[in-house]
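Read the structure below first, then the notes.
The values are calculated or read from the model by the stated rules, or taken from the named source; none is laboratory data. Computed from a predicted model, the values in this text were never measured in an experiment. All Cβ positions, even for glycine, are placed from backbone atoms using ideal geometry, and neighbour counts span all protein chains on display.
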Amino acid sequence: MDDARQWVLLAAIVQLSAALAGLVVAQRAGGLNLAAGAIILGGATLFAVEIYVHAFLNNAALEMLAPIGGALLIIGWVVLAIAPPNPR
């Protein structure tokens, strides 16, 4: 498999994990859970946009979005892990 396909696969896996987080957050109430979901979705968006631009356009102009998005993903998952469940 060539590099572009591997990058697109990675971006798709990140987007699927963000969708999983969205499902988890949808079953919870509370501001901290909402913030965690927003951080995760924002991080996944930044990460995936950079990967797709790099893979499809072979352009590294947005290369700093991937580390920022990855850091946001990690922060969001940590916040989600420590947030009280507060089921609806």
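Listed values, structure above:
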| read-out | value |
| --- | --- |
| Count - residues of the range 52-64 that are touching a Leu at 6+ places or on another chain (Cβ under 9 Å) and modelled with pLDDT of 85 or more | 1 |
| Any hit, the range 14-31, residues being touching a Phe, Trp or Tyr at 6+ places or on another chain (Cβ under 6 Å), of a type in the set (A, V, I, L, M) and surrounded by 15 or more Cβ atoms within 10 Å (Cβ to Cβ) | yes |
| The range 1-36, residues that are modelled with pLDDT of 85 or more and among the hydroxyl-bearing types (Ser, Thr, Tyr) | none |
| Flag for LEU34 being under 28 Å from ASN86 (Cβ atoms), within 14 Å of the chain's Cα centre (by Cα) and without any contact (Cβ under 8 Å) to a residue 40 or more places away in the chain | no |
| Only one of ILE39, ILE51 that is under 17 Å from PRO84 (Cβ atoms), surrounded by 16 or more Cβ atoms within 10 Å (Cβ to Cβ) and in contact (Cβ under 8 Å) with a residue 24 or more places away in the chain | ILE39 |
